[in-house]
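Student: This structure is in structure tokens; I'll ask about it shortly.
The values are calculated or read from the model by the stated rules, or taken from the named source; none is laboratory data. It should be emphasised that the depicted structure is a prediction, and the values quoted were computed from it without experimental measurement. Note: ideal-geometry Cβ built from the backbone for every residue, glycine included; neighbour counts use all protein chains shown. Surface areas here come from the heavy atoms of the whole protein model, side chains and all, with no ligands, DNA or RNA. Shrake-Rupley method; radii C 1.70, N 1.55, O 1.52, S 1.80 Å.
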Amino acid sequence: MSMADEPLYPIAVLIDELKNDDIQLRLNSIRKLSTIARALGEERTRKELIPFLTENNDDDDEVLLAMAAELGGFIPYVGGVEHASALLPPLEAFCSVEETCVRDKAVESLCRIGSHMRDTDLVEYFIPLVKRLAAGEWFTARVSACGLFHIAYPSAPEASKTELRSIYSQLCQDDMPMVRRSAATNLGKFAATVEYTHLKADIMSIFDDLTQDDQDSVRLLAVEGCAALGKLLEPQDCVAHILPVIVNFSQDKSWRVRYMVANQLYELCEAVGPEPTRAELVPAYVRLLRDNEAEVRIAAAGKVTKFCRILSSEHAIQNILPCVKELSSDSSQHVRSTLASVIMGMAPVLGKETTIEHLLPIFLSLLKDEFPDVRLNIISKLDQVNQVIGIDLLSQSLLPAIVELAEDRHWRVRLAIIEYIPLLASQLGVTFFDDKLGALCMQWLQDKVHAIREAAANNLKRLAEEFGPDWAMQHIIQKVLEMINNPHYLYRMTILRAISLLAPVVGPEVTCSNLLPAVVAASKDRVPNIKFNVAKVLQSIFPIVDQSVVEKTIRPCLVELSEDPDVDVRYFSSQALQAIDNVMMSS
């Protein structure tokens, strides 16, 4: 190849690879577009590469997706913002393909390019593109057009703005539900760019059409539009235009629409203000909490604490609390689980007396629920209740249920309890903890599930940090060491793990006098797994103790293990010896 032909080489490779049967080669060539564009230079990229990509759009969807994504960041390679319009033709072609993800990516890239284009170029190139797509014969083009109006509208001259609003209105009444769905989805973004007078007149008219659509998939997207429009309108306009729609939607015949209302209702309360919320939206919310579809009740139950925060405690007690009581014994376990995850947050809102009188019985019933996730969600939020009712009452009412859960047949529930214990310990104080929960912590070290035993060992370490080394020496160390001779080797391994975690907390003196002898004795165990775990423990605790102890006790034990018949024991003991030697050399 001559030097004169050299600049042509990159595009020749690209064209060859794009026509290759192997999709991976085609994809690789697309991902190298920026490199090829740099090699070609800005002018040849505009005149040769972009037209080639425009013509070559009948390809595998994966290749088109990659191409649409690449072109979104291509402005620097075509000569900057003044030439950005050169990128529009291939992306316009991608906006009409059948595959949704390709169209979505093309729209995303067009928005990205359009947001950098000069106003004059938007008027000359971008707005006509939007109009062409909106008038597209095939519905895919019209679907894509809906996502571009918010970029085209702000720079348009007044006459074009009127036309764009009219076109959007027509798209909202399109024969194809997919187009109406896209129009409903993008209405909030478009509305945010429209002047307030036109927002009240034209956009609200469009919105009304969408809310009365015969397809529930369009109406449920209009619910999202309620929240977006509510934030743009003045409170009084919001009450006049949005509130009646929401109240109607909360009684819609489609459960999917009611589900969307339950999800969005809290945001709408903020838009309309406190008085309309109490008068109109609270009754709608109560209806949703008592809906006959479980999915709607789940969505509504998840917002119960947020809703209580925007109401006075009297309104919450009068309207919301009766529903919460009903939901706590709901036939759907998922409703109860969702309620359990948020109900604890009601305690600070309702105050001490109401929590004790009304919420505590609900907490207790949920703590005894047959579904483990319900119990888990209550356990994990107990600290919110403690802040309101105090530890004495919490311990009297809820602790028996917690002790019961500590022996729950579902191991994940036991695990959640263990992870909550250190927090509970810090709240209860050392005396109360020793009386009620101390024995449980030891019991977990001999659980049948490994994750529980591992968590129990970590739990002892966190308790020792909370209550101090003296408490650990008095209440934990001796009980742990008594378990080192358990007949089952898996339990003996858990004890070794607990020792390695406790050693740094209790310090060198207790480690040398109490823990180290037990570890050395375990090196004589008949099970290789125990012996190589001994080597690991010795490696973890040698930095804590004096050098003399290392030489007198730890090294001889490891040397003996390094001559063990088992290959794993020899490996871990030699690793530990090497670690000791490295520290010795560096010091």
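Student: For the range 133-160, how many residues meet the condition of being touching an Asp or Glu at 6+ places or on another chain (Cβ under 8 Å) and open to solvent by 20 Å² or more (accessible area, probe 1.4 Å)?
Tutor: 3
Student: Just need a number here: residues in the range 131-188 that are farther than 21 Å from LEU232 by Cβ and either more than 37 Å from the chain's Cα centre (by Cα) or not basic (Lys, Arg) (or both).
Tutor: Qualifying residue count for the region: 26.
Student: Follow-up question, since we're still on this one. Can you say whether ASP21 is loosely packed, with under 15 Cβ neighbours inside 10 Å, part of a helix (DSSP H, G or I), at pLDDT below 75 and of a type in the set (Asp, Glu), as far as the supplied structure shows?
Tutor: no
Student: Moving to a separate point now. Against the condition over 28 Å from the mean Cα position of the chain (by Cα) and open to solvent by 10 Å² or more (accessible area, probe 1.4 Å), how does GLU357 come out, does it pass?
Tutor: It is true that GLU357 is over 28 Å from the mean Cα position of the chain (by Cα) and open to solvent by 10 Å² or more (accessible area, probe 1.4 Å).
Student: Give the residue that is farthest from the chain's Cα centre (by Cα), with candidates limited to residues of the range 365-381 that are part of a helix (DSSP H, G or I) and modelled with pLDDT under 80.
Tutor: LEU367
Student: Determine which member of the set SER540, SER548 is free of Cβ contacts under 8 Å to residues at least 24 places away in the same chain, hydroxyl-bearing (Ser, Thr, Tyr) and either surrounded by fewer than 18 Cβ atoms within 10 Å (Cβ to Cβ) or assigned to a helix (DSSP H, G or I) (or both).
Tutor: From the options SER540, SER548, the qualifying one is SER548.
Every residue, every condition in (1) open to solvent by 40 Å² or more (accessible area, probe 1.4 Å); (2) assigned to a helix (DSSP H, G or I); (3) without any contact (Cβ under 8 Å) to a residue 40 or more places away in the chain; (4) small (Gly, Ala, Ser), yes or no:
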{"site": "LEU64", "(1), (2), (3), (4)": "no, yes, yes, no"}
{"site": "CYS101", "(1), (2), (3), (4)": "yes, yes, no, no"}
{"site": "ALA106", "(1), (2), (3), (4)": "no, yes, yes, yes"}
{"site": "MET117", "(1), (2), (3), (4)": "no, no, yes, no"}
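Student: From the list ARG336, ARG287, pick out the single residue that is over 20 Å from SER250 (Cα atoms), in contact (Cβ under 8 Å) with a residue 12 or more places away in the chain, surrounded by 16 or more Cβ atoms within 10 Å (Cβ to Cβ) and of a type in the set (Lys, Arg).
Tutor: Residue meeting the stated conditions: ARG336.
Student: Could you please tell me which pairs satisfy a Cβ distance under 8 Å, a separation of 6+ or placement on different chains, a first residue in the range 71-94 that is free of Cβ contacts under 8 Å to residues at least 40 places away in the same chain, and a second residue that is among the aromatic types (Phe, Trp, Tyr) and open to solvent by less than 10 Å² (accessible area, probe 1.4 Å)?
Tutor: LEU87/PHE74
Student: Condition first: of a type outside the set (S, T, N, Q), surrounded by fewer than 17 Cβ atoms within 10 Å (Cβ to Cβ) and in contact (Cβ under 8 Å) with a residue 12 or more places away in the chain. Can you find one or more residues in the range 238-251 that meet it?
Tutor: Yes.
Student: Which count do you get for residues in the range 551-573 that are among the hydroxyl-bearing types (Ser, Thr, Tyr), surrounded by 17 or more Cβ atoms within 10 Å (Cβ to Cβ) and more than 16 Å from PRO517 (Cβ to Cβ)?
Tutor: Qualifying residue count, the range 551-573: 2.
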